[in-house]
Structures are given as C-alpha cells and as structure tokens.
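Notes follow once the structure below has been shown.
The values are calculated or read from the model by the stated rules, or taken from the named source; none is laboratory data. In this text, all values refer to a predicted model and were calculated from it rather than measured experimentally. For neighbour counting, all protein chains shown are included, and Cβ atoms are generated from backbone atoms with ideal geometry for every residue, glycine included. Ligands, DNA and RNA are stripped out before the accessible areas are found, and what is left, the full protein with its side chains, is counted by its heavy atoms. Shrake-Rupley method; radii C 1.70, N 1.55, O 1.52, S 1.80 Å.
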2 protein chains.
Amino acid sequence: MDNYSSDQERTAAFARALGHPARIAIVEHLAQTRACVCGDIVDVLPLAQASVSQHLKTLKSAGLVKGEVEGTSVCYCLDERGWQDAQRLLGRLASTAVECCGSAR
Amino acid sequence: MDNYSSDQERTAAFARALGHPARIAIVEHLAQTRACVCGDIVDVLPLAQASVSQHLKTLKSAGLVKGEVEGTSVCYCLDERGWQDAQRLLGRLASTAVECCGSAR
DNA sequence: CGCATCCATCGTATTATCACGATGAATATA
DNA sequence: TATATTCATCGTGATAATACGATGGATGCG
C-alpha cells in the first residue's frame, strides 16, 4: 500500500481520473458552460445515462468535480481546490521534463 | 471510434499513461537523474523487471519517454516533445477550471 | 395522491490493466 | 565459441475499468 510516496499516489490518481476521453469531455463541458450543468452532460456524450453517472462519480471521488442537488436534478461543476492540487502535482512533473540522450550525446 | 475529438483522445491518453504511481516514479527518477538511466529503474521500483519494462513501454507509446540502445543496456530519458504536448493539453484543461455553484449562488 | 423526471446504484458482461515467472534476442566479454 | 548481462516479449492469473439495461429513491407537478 505504501511503496510509493503520497504525492506519487495522488498525482497518479488525478491522472487516472482524467484518463478517459469521456471524462475529458465532461470537464471541458463544465468549464465551457461556466454555469453548472446537470443532466445535459448526458446529451453531449455518446454514452448512456448510467455510464455518465459513473464517470461523474469517478471525477467526484478524485476531487475534480462537485455536485449539488438542485430540486430534481443535480448540478455539477469543477472543484477549484482539486484542480489546484492537480495543476500543482502534474505541473511539477512536466516542468522537470528535460531531454538528455538525444541531444546531449 | 471517433466519438471524441482528437485532442480529447490525446489528452486522455497522456493522462492514462501517467495514471499509475510506478510510472510517476519512473518519470520523476528520469527527471532527477537528468542523465539517461537504464536498468537502475528496476532497482528503484518495488517491481519485477518485466513489470518495469511494461510500464516503460506504456510511457514510450504515449510519447513521454524515449529509449536508446546503448550496448547491452537501454538508456531511457524523457521525450521533450511529448511532454510539451502533454503540458499544453493538460494545462489547457486545468486553466479553465472555474468554480461555479458553491460560490456563485 | 398519482405520475413523471432525474439521477444513483445494482448486476453483469466485456475488455483492459497490472504483476509475475519464463523464455528469447542482442550485445559484451572471456 | 561459450557465457553472462540486459532487456523485451510471451503466457497467465488476478484485479480493475467500462458500458449498459434495469431498478429504486427523491423531487416536482398535475
């Protein structure tokens, strides 16, 4: 359970949550229509309602998306705090990407 | 096969490639020891050699890592071009993360 | 109350991921 | 040529992810 550091686990968890085009599409859609969108996500995606709900659950448990009950429907939006963490962790990885063998030798 | 845009597929592919702590650890190790490292990765990780090779293959086919044969061993390093793409695609996602329901209402 | 709508969850089938030992290809060295 | 080293690939088993229809709970409306 702890062969990897906490940051490594968390970075991987964020990446894994984004590791499906449907979830990328959900995030993009939530970011575009800045207001909270509800079940419209189902109409945008080529997936059944149950599958969309499953993807939303994945994003929610990763801390990237929040959901608020609003009457009979549920209102989703991006979770700013989770995105800050993800940006920090993933950005730190990308910034250190320096090539070596191809050019140096 | 093409229900999602090319960028969405590519973003998800990068994210999925990073969606495992072992691969995060590999990337970090390659970034730290800026020079190319070879089978030392096996010593660093709590995995068998075959498993490490499998993770390296995943990173390689995602375009995040390059491998160069160097005698009897293989020299790995980060692929700068792939990381630029990943940074652009993932960064574009994170930058648009604006909260809504919690604060706005 | 009765009924529709919206969404989560369950059950399930299919497919992919992960990890390992075993084997094989390629190179270096004796 | 023989032997060792390094790594990739194969085969396999276990676990997780994906997608769907079906079901159920909650809310809103007539």
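Structural remarks
- Remark: relative contact order (chain A) = 26 percent; criterion is Cα-Cα distance under 8 angstrom and separation of 6 or more residues.
- Helices in chain A, meaning DSSP H runs of at least 4 residues, each add -39500 (n - 2.57). Divided by all residues, the mean residue ellipticity at 222 nm is -17500 deg cm²/dmol.
- When only the Cβ of Lys, Arg, Asp and Glu is charged (+1, +1, -1, -1), the dipole of the range A:6-92 relative to its Cα centre reaches about 280 debye.
- Counting, for every residue in A:75-84, the Cβ atoms of other protein chains within 10 Å of its Cβ and taking the mean gives 4.
- Residue-normalised accessible area of the range A:6-92, given per residue in Å² at a 1.4 Å probe: 48 Å²
- Copies compared at A:Ser5 - label distances in nm, ascending, label defined 7 Å from Cα in the Cβ direction: 3.5
- Buried area at the B-A interface (accessible, heavy atoms, 1.4 Å probe, summed, Å²): 4200 Å²
- Scanning residues 5 or more positions from A:Val74 or on other chains, those with amide H under 5 Å from its amide H are A:Gly39, with H placed 1.01 Å from N in the peptide plane.
- For chain A, built as a Gaussian network whose Cα springs stay under 10 Å, the top-fluctuating residue of A:Ser73, A:Ser53, A:Ser61: A:Ser73
- Overall, the accessible surface of chain A at a probe of 1.4 angstrom is composed of carbon and sulfur to the extent of 48 percent.
- Three principal axis extents of the range A:6-92 based on alpha-carbon atoms, in descending order, are 38, 22, 20 Å.
- Partners for A:Lys57 among lysines (Cα-Cα distance below 26 Å; same-chain residues under 8 apart left out): A:Lys66
- Couplings for the range A:15-30, taken from phi via the Karplus curve 6.51 cos²θ - 1.76 cosθ + 1.60 with θ = phi - 60°, read 4, 5, 5, 8, x, 8, x, 5, 6, 4, 5, 4, 4, 4, 5, 5 Hz in order; Gly and Pro are left as x.
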